[in-house]
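Everything on this sheet refers to the single structure shown next.
The values are calculated or read from the model by the stated rules, or taken from the named source; none is laboratory data. Please read these numbers as outputs of a predicted model, since none were measured by experiment. Virtual Cβ from ideal backbone geometry, glycine too; neighbours counted across all protein chains shown.
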Amino acid sequence: MKKLAIILSFVLVAGIALANLFPANTLADITKSVTEAIRKGSSTELSAFFNSSIDLTVLGKEGTFSKAQAEQIVKEFFQKNTPKSFNIKHQGNSSDGSNYVIGTLTTNNGNFRVYFLIKNIEGKLCIQQLQFEKDQNQ
């Protein structure tokens, strides 16, 4: 039993060390990871990129939420709206250096317009704003 605990500890420490050596810290890496998390409907993977507080809009419910609160809201959204695909329609940068992505999420309950804003906060690229709104073009 002790050997198993030691091995698991080593694997965990090695994994953390590798993640720190090769972080997904470029804008392209983060955008790719975020879009994959949305495609899969993984609130856990998506929330890994949330700032400590995030401006969130989900079907008209909006506010500034903690990372944990936002993850729960997004999890409930994905449970009710199982993603089938996510396609980026437009992306660019704002005058303050932030980067944004607008896309269409296709789910079992129709299409949603998704918008997310990535900002550099204290040297780390994070999602500062995320929106899921019913696509009006259906």
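Numbers below:
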item: Failed item, numbered, when V11 is tested on (1) at pLDDT 95 or above; (2) outside any strand (DSSP E or B); result: (1)
item: K124 vs. criteria basic (K, R), exposed (fewer than 12 other Cβ atoms within 10 Å of the Cβ) and closer than 19 Å to A28 by Cβ; result: no
item: Selection from the range 129-138 of residues that are surrounded by fewer than 21 Cβ atoms within 10 Å (Cβ to Cβ) and under 15 Å from the mean Cα position of the chain (by Cα); result: Q129, Q131
item: The one condition in (1) small (G, A, S); (2) buried (at least 19 other Cβ atoms within 10 Å of the Cβ); (3) free of Cβ contacts under 8 Å to residues at least 24 places away in the same chain that G103 fails to fulfil; result: (3)
item: Residue that is surrounded by the fewest Cβ atoms within 10 Å (Cβ to Cβ), among those in the range 77-100 that are among the polar types (S, T, N, Q), farther than 14 Å from V34 by Cα and at pLDDT below 95; result: S95
item: Residues being more than 15 Å from the chain's Cα centre (by Cα) and of a type outside the set (D, E, K, R) - total across the range 75-84; result: 3
item: Of all residues making up the range 47-63, the number that are surrounded by fewer than 19 Cβ atoms within 10 Å (Cβ to Cβ) and either of a type in the set (V, I, T) or in a loop (DSSP other than H, G, I, E, B) (or both); result: 4
item: Failed condition for Q128, given (1) outside any strand (DSSP E or B); (2) at pLDDT 95 or above; (3) not small (G, A, S); result: (1)
item: Options V34, V114, V74: the member that is part of a strand (DSSP E or B) and surrounded by 15 or more Cβ atoms within 10 Å (Cβ to Cβ); result: V114
item: Any hit, the range 78-88, residues being among the aromatic types (F, W, Y) and not in a strand (DSSP E or B); result: yes
